[in-house]
1. Compute the long axis of helix 38-62 from its Cα atoms, compare it with the longest principal axis of the Cα atoms of the chain, and write down the angle in degrees, 0 to 90, nearest 10.
2. From the helices alone, meaning DSSP H stretches of at least four residues, give me the mean residue ellipticity at 222 nm for the chain, per-run term -39500 (n - 2.57), in deg cm²/dmol to the nearest 500.
3. Grab the Cα-Cα distance for M1 and D160, subtract it from 0.36 nm times how many residues apart they are, and report the gain in nm with one decimal.
4. So which trypsin sites (Lys or Arg not before Pro) in the stretch 102-135 pass both tests, a DSSP loop state and at most 16 other Cβ atoms within 10 Å of the Cβ?
5. Between helix 184-204 and the chain, what is the angle of the helix's C-alpha long axis to the longest principal axis, kept within 0 to 90° and rounded to the nearest 10?
6. Just report the Cα centroid separation between the stretch 32-64 and the stretch 168-198, whole Å.
7. About the Cα centre of the chain, how large is the charge dipole given +1 on each Lys and Arg Cβ and -1 on each Asp and Glu Cβ? Please answer in debye to the nearest 20.
8. Would you work out which of L66, S25, V8 lies farthest towards the positive end of the dipole of the stretch 1-103? Charges go on Cβ: Lys and Arg +1, Asp and Glu -1.
Amino acid sequence: MVTADVYVSELEFKNQESFRGLVSSRYLPALSSEGVTVVEALRWESKMVVETIEIAALWLADTDSLALKLACASYCGDRARHFRLLSDRLAALGLAPGSYDPRQGGYSRLFGFLRSLQTSEERAAAGFLTLAGMSATRLAALASFCEDKGDGETARLLRDPILSDEERRVELGRETLVALVTADETQARARRASYKTVELLTELYDPAIFRKMGGRGPTRK
């Protein structure tokens, strides 16, 4: 068995390779092939925010790890703030407040999987190191996408505070996971949870799923 810090470093390295591949081969091509607008991309992003809030809230109630419990509480607050920021930006771009429910179209398979996780090491690996890590990579790409669309204000919002908050969440997840994966079985569970999360993220960026998840509204900017 490798030490916990080496294990987490190796897992994160593999994750980062996967994240870059997902963004370049799935996420950005989906935005392009579907002709997604800034408004639509932000609506889809707000849906992901709501799912992460609900997952963190569910985990908060029954996690054994105090560190993870506090991390979940913090994540709920940060993501609620992100949702308000995205909603305000959508309103500024012409989407009437209350005209879009991010729960429209149901929840993703990824949400169902994350909800099923029971152990602290699975949750830290999947929800913080992996999901937040992918979110940070995606947000950086989305900010560049918005700049290419001529929307520098949205790009700035995505980079700070939203992206910077997600990067801090990854750091917290890394620290929490190191304390949790001190045995072969905990490392195995964390690895499986992380890899399954990446697999489901691959599905989530399919253009057909993107259309279903995001929904098309009347405003196109």
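1. With rounding to tens, the tilt is 30 degrees.
2. Computed mean residue ellipticity for the chain: -23000 deg cm²/dmol.
3. Length gained, M1 through D160: 53.4 nm.
4. Within the stretch 102-135, the qualifying trypsin sites (Lys or Arg not before Pro) (loop, at most 16 other Cβ atoms within 10 Å) are R103.
5. 10
6. 21
7. Computed charge dipole of the chain: roughly 720 debye.
8. Toward the positive end, the furthest listed residue is S25.
Values quoted throughout were computed directly from the atomic coordinates according to the rules given, and no laboratory measurement underlies them. Small disclaimer: the values here were computed from a predicted structure and weren't measured. Here the Cβ is made from the backbone with ideal geometry for all residues, glycine too, and neighbour counts use every protein chain on show.
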